[in-house]
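Encoded as structure tokens, the structure appears first; notes follow it.
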There are 2 protein chains.
Amino acid sequence: MSFEAAVHAQAIELDRLAIDMTADSGSGHPTTALSLGHLITVLMFRTMRWSPDFPDYPTSDRLVLSEGHAVPIVYAAAAKLGTKVGKDGDLRKLTLADLKTLRERDSVLDGHPNPMEGFPFFDAATGSLGQGLSVAAGLAEAARIDGFDKRIYCIIGDGESREGQITEALDIIVERKLNRVLPIFNCNEWGQAGRVSEQQSADRIAAKLKAAGYTVKVIDGHSPKQIDEAFEAFGALTDQDAPMALVAKTVKGWGAPSMQGGGWHGKPATGEALATAKAELDQRRVELTTALSSSDAFTIEPPTEPPAMAEPTGEWPSLPETMKKLDMESVLHTGKLATRRAYGIALRALGHVDPRVVVLDADVSNSTFADAFAKDDALASRFVECKIAEQNMVSMAAGMSAGGKVPFCSTFAKFFNRAYDQIEMAINSGANLKMVGSHAGITLAADGPSQMSLPDVAWFRAWSTMKDHRGNPGCYLLQPADAFAAYALTGVMAEYEGACYMRTLRAETEFLYNEHEVFNLGGFHVLHKGRDVCICAAGYMVHEANRAVELLDQAGISATLVDLYSLPFDSDMLLDIIMENNGMAISIEDNYGGGIGSAIADAMTEAGDAFTLEQMHVRRIPKSAKTPDEMLQMCNLTAGDLVAKAKSILQVV
Amino acid sequence: MSFEAAVHAQAIELDRLAIDMTADSGSGHPTTALSLGHLITVLMFRTMRWSPDFPDYPTSDRLVLSEGHAVPIVYAAAAKLGTKVGKDGDLRKLTLADLKTLRERDSVLDGHPNPMEGFPFFDAATGSLGQGLSVAAGLAEAARIDGFDKRIYCIIGDGESREGQITEALDIIVERKLNRVLPIFNCNEWGQAGRVSEQQSADRIAAKLKAAGYTVKVIDGHSPKQIDEAFEAFGALTDQDAPMALVAKTVKGWGAPSMQGGGWHGKPATGEALATAKAELDQRRVELTTALSSSDAFTIEPPTEPPAMAEPTGEWPSLPETMKKLDMESVLHTGKLATRRAYGIALRALGHVDPRVVVLDADVSNSTFADAFAKDDALASRFVECKIAEQNMVSMAAGMSAGGKVPFCSTFAKFFNRAYDQIEMAINSGANLKMVGSHAGITLAADGPSQMSLPDVAWFRAWSTMKDHRGNPGCYLLQPADAFAAYALTGVMAEYEGACYMRTLRAETEFLYNEHEVFNLGGFHVLHKGRDVCICAAGYMVHEANRAVELLDQAGISATLVDLYSLPFDSDMLLDIIMENNGMAISIEDNYGGGIGSAIADAMTEAGDAFTLEQMHVRRIPKSAKTPDEMLQMCNLTAGDLVAKAKSILQVV
């Protein structure tokens, strides 16, 4: 059988399976699947170097299906090849019979690619569009660091390529010469609600790719020969070559004219329409090949052995030790240091003890202090300057995590806001993602609200109310109040497997701790023990609360002060402490509501005892002010405001 | 004085003011400002048709400063021209003396453009990068609808143009032929942490713009003649011409070599460095012009009179009336209708009574049912298909709001997630933005978690804990449980000025209300009055709770059911009701925690009485399941789970 005939036979078999599978499930996107039958056949049966027995083998070539809704065609190929599926190491071969379980509650075949639910062939959960190419770039960057000769294929929809994140990823691939990534644009001309824009036509996409620095091949995405030649050309690229991109002209609903055109997005064929579509595909097969199936016609080249990997080495030094090494002892003696600086110092120490650690930043590394890592010659090759493109940074970090790295991303806390969808998809992917947002809250003051993170605590707290696939909180939210806490928590994050978000501060803050203090995910510290009222604060507000405790003491009020540096926290222990303060508590935060105050309120009301909580937080859109103190005044969050609040709830005149 | 000499003189005067202003404030971005001195001079003193006395006049040409940190140069020009500033109609002329107040607490000169704090020359708060061009596109679209001959100039940083949202905006400008927008790329070659990427070099940007369909002019951004000629060419464009874009090669810190190169981003000159920079600028002036000042050399053409605008006409019809008109009476008789369909029907009715209403969607209008508006010939010209680019959609809507429209945006609730930064900036801008997220929560089931909105309620709730510039909640969060509620709330949103987010559902839901029920922002409805426990639910979960109330009744437990369709809500009234239920409450939600449960917990703990609240919400990352019921089982959120929870807290065996 000729290669062409074999590809057609195999593609049509997969197409039929995709149509049947979505018909069985009653939902899904068969027509998008059909536009990819030939591309997936050549990729998975011939071009990719991988092993169905070890679908997540580290040196395997990877497929990132950015247009996740096309997944039935990949499931069909995976079943045909007996690819291993399953969770927690309990793997078995996927069978054709399994395809009937698409989208079922107990199936490994989720509605969109979902590796953590038992399909380890994929590295990332996709389905929210525009993110896959960044993941692919991250996989390539990780492979480059490890010296793996690994190719990453990424399939992107034409309509999908309207998402700006795609251009962010295209830029970083050129910039960092990640030419082991092949972006494949599936130009099938139909979106969900209508035709794809002329701005995303195959020709326009090709022109844009060329302008961005790519060598572009425009092919017929249903021509086995053209597909194969393009992949061969990609495989022949040397390190010196410009990255390549493929623009594949395809047909949505290929082979089944009755399912083509508008109105067929996300719609399975049923009844007569199903029979018609399958008859049309059979007719197409008769025209193109004599074979019913052809998987035997292909040989898959296996991945190579991975080289021995570097392991974490020994203990990491304390903050004073690291600062001494960096000739920063004099800074230590000032008794204060911004938490963002401590993060930078920690990153640098961490880089030397843990070779898995990589750092990404978005053109603000001299503000977040991630540049401490970038400027260390021994670490610089593990630093990725992502420029002003936060969405790409987060998804690329997710890709690096899938490639075995421990990625720390930093930018202003405010700007993580624009990557929340990417963060969610990374958490769904099980990514070991560490996010550090600097200039958190309102105390950056002068720059004004466009640079302030205000609803961030509420959003990340939502992730502390549920569990990830490992049974841990979806994300830990950490708010160190001083440099020792920030330094320690950076180390804690690196050791933990899962997502964390740490808020650091622009302003210098005084030391509250020393190098012997232990910080845990889920922990908190009692900084002052009183009996009348329990003040709960985090980050910058711990310092304001500290001043309030002194003022209250002078007024004869004995206040407890809790540094609630972690969300979630041990709520039973906290409630015990509040109970020792007659059930009276005040929370104070430098962000909008829904944050640590609400976390305490949740715990109190679940316990059901008579607690009182006054929440102090930002209750207006802030504007610029010259200093943190002025800003706190504007938002009624000074030590004085806290004292007044305490007196008011204790009914002290 | 020659035009060139006049521009140089004026630009250098503005440059000096920008340096002084940032020196006085002790923070800000003088070098970025200096890269724009000439462009801003020609724009604000000559090219733009506007009036300093009426800086927000509807037919004025507009300037969107997407790279908001450059704002001191605009403040300098505005002061020089005596532009009116102030809030709430209390306007006065900005003076040169005012410039000393930059970034002060009581100043109208905020750290970044901030129209709501007293600088109405701007339409949108900027400073979080990459959003301005979308706002400009929205302003142009609004002007097109109104028949205004209005040009919109948008200045974008070269580093900033890495943000993918810029390409989303570039695409929609070409697609919708919005050639009254002029994107101006300020290519000064330096970012914050280092040089701008080669991917954002002037040449590369120009090539990309051409590939995207623009006529591109590359100019020296400090040549008065080249700037003027470019603006003239732009002014001469006819409706048939392709959009134009300007790539301006500029110098960061122009005229002051001592402030050029790396290390000067966001850093004012002080002391000797300040004196040096000013001396350098003075020297440059001597070389270029004999004049110290030249504002008299320019004439600003005023804006034209706006035509009479269409006003809202009369009452809008009830849901049954509208459905009758649409031949959908038979649907009404089924007793159920998805809230997303009711939204579409409401939009269509609204479009006919309120000419300000415009609708934007992101290629899912046949899922959100915004297509009901798009398909009505009388309304189609007010529908904007934004394709798969949610960030651009939201910022464009903010621009349309600034242009006097009432924009409704819709996409899946999940996908608003990727525009949260844009939503925040829109709220900061005072935008009258209505967001409707369909397929909310988990009951869409089969598509899996990549399509589910899960932390959205927590994020939007944060905005219900604070106040916007008008003294209202930053955003209302609405969760209609049936079609009557969704229809009514769509109308309520249109009448209200401010941001709202409404969650609609994929699934059909039974009618709970009729056309006589009144829904208010901040309201709730008691659907069942009991005495043992108060169940609070919203959206889909109201129906599950309704079933639970019946089951509980059979078990001898008398439950109250509150449809908490709005956040915020009247907490005193709700607590009274819970108190009538012995202080016992259960909340049930189809999202992660931090949502309505936490809102109730906040209210309870502030009141300080002995309440008990059990919060039921999604506590795992969901996966696909075939039906809403299966999904609710997976997440332990069925009526049965609710009954068990009620029995448990009431200690009924």
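Every read-out reported here was derived from the displayed coordinates using simple, explicitly stated rules and does not represent laboratory data. Here the structure is a predicted model, which is why all the values come from computation and not from measurement. Methodologically, a virtual Cβ is constructed for each residue, glycine included, from the backbone with ideal geometry; neighbour enumeration extends over all protein chains shown.
5 Å is the cut-off here: which amide hydrogens, built 1.01 Å from N in the peptide plane, fall below it relative to B:LEU561, excluding neighbours closer than 5 in sequence?
Distant-sequence amide H within range of B:LEU561: B:LEU527, B:HIS528, B:LYS529, B:GLY530, B:ILE535.
Give the residue list of trypsin sites (Lys or Arg not before Pro) in region B:348-386 that are DSSP loop and have at most 14 other beta-carbon atoms within 10 angstrom.
Listed in order of number, the matching sites are B:LYS375.
In nanometres, what is the gap between the two model label sites at A:HIS516 and B:SER258, each 7 Å from Cα along Cα-to-Cβ?
It works out to 5.1 nm between the two label points.
Quick one: Karplus J couplings for region A:276-288, per residue in order, coefficients 6.51, -1.76, 1.60, θ = phi - 60°, nearest Hz, x for Gly and Pro?
My calculation for region A:276-288 gives 4, 4, 5, 5, 5, 5, 4, 4, 4, 5, 4, 5, 9 Hz in order.
Taking loop as defined by DSSP and a crowding limit of 14 other beta carbons within 10 Å, which GluC sites (Glu not before Pro) in region A:236-328 fit?
A:GLU315
By the gyration tensor of its Cα atoms, with a ≥ b ≥ c the square roots of the eigenvalues, what is the shape of region A:114-180: rounded for a/c under 1.5, prolate for a/b over b/c, or oblate? Present the calculation step by step, with values, prior to reporting the outcome.
On the way: a/c = 2.39, a/b = 1.06, b/c = 2.25.
Oblate, because a/c is 1.5 or more while a/b does not exceed b/c.
Between the label point of A:THR334 and that of the same position in each other copy, find the distances and list them shortest first in nm, with every label point placed 7 Å from Cα along the Cα-to-C-beta direction.
For A:THR334, the other copies' label points sit at 6.8 nm, shortest first.
Using alpha carbons only, how many degrees (0 to 90, rounded to 10) separate the axis of helix A:339-353 from the longest principal axis of chain A?
The helix A:339-353 is inclined about 50 degrees to chain A.
Could you work out the helix-only [θ] at 222 nm for chain A, with each DSSP H run of four or more residues adding -39,500 (n - 2.57) and the total divided by the number of residues, to the nearest 500 deg cm²/dmol? Spell out each step's value before the answer.
On the way: 24 runs with 248 residues, N = 653.
It comes out at -11500 deg cm²/dmol, rounded to the nearest 500.
Which distances in nm, rounded to one decimal and ordered from shortest, link the label point of A:GLU229 to the equivalent label points in the other identical copies, with labels set 7 Å from Cα toward Cβ?
Its label point is 4.5 nm from the equivalent points in the other copies.
To make sure I understand the rule: partners must be aspartates and glutamates, Cα under 18 Å from the Cα of A:LYS336, and not fewer than 8 residues away in the same chain. Which ones qualify?
Candidates past the 8-residue exclusion: A:GLU321, A:ASP327, A:ASP482, A:GLU508, A:GLU510, A:GLU515, A:GLU517, A:GLU544, A:ASP563, A:ASP629.
Give, as a single signed number, the net charge of other residues whose beta carbon lies under 10 Å from the beta carbon of A:LYS100, with Lys and Arg counted +1 and Asp and Glu -1.
So the surrounding residues net to -4.
Report ³J(HN,Hα) in whole Hz for each residue of region A:201-215, in order, from the Karplus equation J = 6.51 cos²θ - 1.76 cosθ + 1.60 where θ = phi - 60°; Gly and Pro get x.
Taking θ as phi minus 60°, the curve returns 5, 4, 5, 5, 4, 4, 5, 5, 4, 4, 4, 7, x, 9, 7 Hz for region A:201-215.
Rounded to whole angstrom, how close does the nearest chain A beta-carbon get to the axis mapping A onto B, and which residue is it?
Closest to the rotation axis on chain A: A:GLY164, 1.
Can you tell me, using C-alpha contacts under 8 Å and at least 6 residues apart, the relative contact order of chain B as a whole percent?
The value is 12 percent.
To one decimal place, what orientation-averaged projected area in nm² is obtained for the convex hull of the Cα set of region B:69-151?
Taking a quarter of the hull surface, the average projection is 6.1 nm².
List every residue whose amide H lies under 5 Å from the amide H of A:VAL358, counting only residues 5 or more places away in sequence or on a different chain, with H placed 1.01 Å from N in the peptide plane.
Long-range HN contacts for A:VAL358: A:VAL406, A:PHE408.
Amide H of B:PHE412 versus every other amide H placed in the peptide plane: which residues, excluding those fewer than 5 positions away on the same chain, fall under 5 Å?
B:SER438
From the phi angles alone, apply the Karplus equation (6.51, -1.76, 1.60; θ = phi - 60°) to region B:166-174 and give each ³J(HN,Hα) in whole Hz, x where the residue is Gly or Pro.
Per-residue couplings from phi come out as 4, 5, 4, 5, 4, 5, 6, 5, 5 Hz.
In region B:35-252, what percentage of the DSSP-assigned beta bridges are antiparallel, given to the nearest 5?
Roughly 15 percent of the beta bridges in region B:35-252 run antiparallel, per DSSP.
Any chance you could check the Cα centroid distance between region A:611-653 and region B:529-605 for me, in angstrom?
31
Cα gyration tensor of region B:369-500, axes a ≥ b ≥ c as square roots of the eigenvalues: rounded (a/c below 1.5), prolate (a/b > b/c) or oblate?
Taking the square roots of the gyration eigenvalues as a ≥ b ≥ c, region B:369-500 is rounded.
Return the loop-located trypsin sites (Lys or Arg not before Pro) in region A:449-479 (DSSP other than H, G, I, E, B) with at most 15 other Cβ atoms within 10 Å of their own Cβ; answer none if there are none.
Passing sites in region A:449-479 are A:ARG470.
Tell me, B:ASP203, B:ASP482 in order of fewest to most beta-carbon neighbours within 10 Å?
Numbers: B:ASP203 12, B:ASP482 27.
With the sparsest Cβ surroundings first, the list reads B:ASP203, B:ASP482.
Assume the label is 7 Å from Cα along Cα to beta carbon: what separations in nm does B:ALA275 have to the matching positions in the other copies?
9.5
Once you order the gyration tensor axes a ≥ b ≥ c over the Cα atoms, which shape class does the protein assembly as shown get: rounded for a/c under 1.5, otherwise prolate or oblate by comparing a/b with b/c?
rounded
Helix B:639-649 against the longest principal axis of chain B: what's the angle in degrees, Cα atoms only, rounded to the nearest 10?
Roughly 80 degrees, rounded to the nearest 10.
Past the 19 Å Cα-Cα mark, which pairs from A:LYS100/A:LYS267; B:LYS100/B:LYS267; A:LYS177/B:LYS252; B:LYS387/B:LYS414; B:LYS324/B:LYS405; A:LYS267/B:LYS626?
Over 19 Å Cα-Cα: A:LYS177/B:LYS252; B:LYS324/B:LYS405.
Give me A:ARG180, B:ARG341 ranked fewest to most by other Cβ atoms within 10 Å of their Cβ, as a rough exposure proxy.
By the 10 Å Cβ count, ascending, the order reads B:ARG341, A:ARG180.
Could you line up A:LEU65, B:LEU561 from fewest to most neighbouring Cβ atoms inside 10 Å?
Ranking A:LEU65, B:LEU561 by Cβ neighbours within 10 Å, fewest first, gives B:LEU561, A:LEU65.
Tell me which aspartates and glutamates have Cα within less than 13 Å of B:LYS225's Cα, excluding those fewer than 8 residues away on the same chain?
The reachable aspartates and glutamates, counting only those whose Cα sits under 13 Å from B:LYS225, are B:GLU4.
So which lysines pass the test for A:LYS87, namely a Cα distance under 16 Å, with those fewer than 8 places away in the same chain ruled out?
B:LYS623
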